[in-house]
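Q: So that we are looking at the same thing, I have put the structure below in structure tokens.
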Amino acid sequence: MKREFWAEFDLYRGLSDEWQNKNLIDTLVERNTSGLPDNWKDLDEFSRIQILTEVLASTRKVKWRDTREKIREVSAKDYARTGALQYNEESGLLYWYRRGNYQDFLSQRLRWMGSILGFSNHHDTLSPSLPDPSTFPAGSWAVRVTFTLKKPYISKDDTDFYILDNPVKKEWVFKVPYVSPSQWKGALRAAMVRKLVEWWEGLSKGNRDPVEFARRRFRLFRLFGDEKGEEPGAVKGLTAYLDK
């Protein structure tokens, strides 16, 4: 499917004339309304970003005349990412983000996701009500936790080919930023292990009951599965830490 997409929307071959390349990239990020093939014009924003990524494989340049009619030139890759900021020529992905078109796309996708999953969306980016458990497998349950980040959150997407070196992780179907279930599981397990250790170290040596420690540790196993580092003959990692 990926190869079919790149074959259908081949920007790489379209980057030829350096004076036309600027117009082509500008149209992809909706800076102007001309320069795209007819079958490209109805693509959604994420598809346009996928197409824009093809410039990474190109050594072509982008040329234009500035307000003083002086010829300027940058690589197509740089122009597609941020434009030529040294020449006050903002373009590419940076222009798209700052204009707000991509944010509108994300808001629409969040509303779409909410309607499909049964969220009651009263805001573009928030889902104040929990999903209906009856739509999920038997025994499913939901929990909501409100928190504030102490520092910026950094994630890494699984996509193979993207215009940025380190794109934020996105949900596969709706293409909205998200934290994967495995990351939530790992973060929660780490927090609960920390609480377990703090509880143990807070006890006096005379009150430390290894059986109670093992019982609490087993509860974590039932919630999160095997501990990392349980390889036969070479116990290490989390298992070795808790053993100690």
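Q: Exactly one condition in (1) surrounded by 15 or more Cβ atoms within 10 Å (Cβ to Cβ); (2) in a helix (DSSP H, G or I); (3) charged (D, E, K, R); (4) in contact with a strand residue (DSSP E or B) (Cβ under 8 Å, 6 or more places away or on another chain) is not met by residue 77; state its number.
A: Checking residue 77 against (1) surrounded by 15 or more Cβ atoms within 10 Å (Cβ to Cβ); (2) in a helix (DSSP H, G or I); (3) charged (D, E, K, R); (4) in contact with a strand residue (DSSP E or B) (Cβ under 8 Å, 6 or more places away or on another chain), the one that fails is (4).
Q: Being under 25 Å from the mean Cα position of the chain (by Cα) and surrounded by fewer than 16 Cβ atoms within 10 Å (Cβ to Cβ): is that true of residue 11 here?
A: No; evaluated as a whole, the condition is false for this residue.
Q: Pairs only if they're at least six apart or on different chains, beta carbon under 7 angstrom, first in the range 136-163 and over 23 Å from residue 46 (Cβ atoms), second surrounded by 10 or more Cβ atoms within 10 Å (Cβ to Cβ) and at pLDDT below 85; list them, first residue then second.
A: 140/133; 141/133; 142/130; 142/131; 142/133; 144/130
Q: Could you tell me whether the range 129-137 includes any residue that is modelled with pLDDT under 80, open to solvent by less than 80 Å² (accessible area, probe 1.4 Å), part of a loop (DSSP other than H, G, I, E, B) and under 25 Å from residue 167 (Cα atoms)?
A: The answer is no; no qualifying residue exists.
Q: If you go through the range 18-37 one residue at a time, how many are within 15 Å of residue 77 (Cα to Cα), open to solvent by 50 Å² or more (accessible area, probe 1.4 Å) and among the acidic types (Asp, Glu)?
A: Qualifying residue count for the region: 1.
Q: Right, something else. In the range 154-211, which residue that is open to solvent by 40 Å² or more (accessible area, probe 1.4 Å), outside any helix (DSSP H, G or I) and among the polar types (S, T, N, Q) is modelled with the highest pLDDT?
A: 204
Q: Filter the range 39-67 for residues that are modelled with pLDDT under 90 and either within 11 Å of residue 22 (Cα to Cα) or part of a loop (DSSP other than H, G, I, E, B) (or both) and give the result.
A: 41, 42, 43, 44, 66, 67 - these are the residues of the range 39-67 that are modelled with pLDDT under 90 and either within 11 Å of residue 22 (Cα to Cα) or part of a loop (DSSP other than H, G, I, E, B) (or both).
Q: Same structure again: Here are some residues: 80, 84. Which one is among the hydrophobic types (A, V, I, L, M, F, W, C) and touching a Leu at 6+ places or on another chain (Cβ under 7 Å)?
A: 80
The values are calculated or read from the model by the stated rules, or taken from the named source; none is laboratory data. Computed from a predicted model, the values in this text were never measured in an experiment. Cβ: placed from backbone, ideal geometry, glycine included. Neighbour counts: every protein chain shown. In case anyone asks, the SASA skips ligands and DNA or RNA and just uses the protein heavy atoms, side chains included. Shrake-Rupley method; radii C 1.70, N 1.55, O 1.52, S 1.80 Å.
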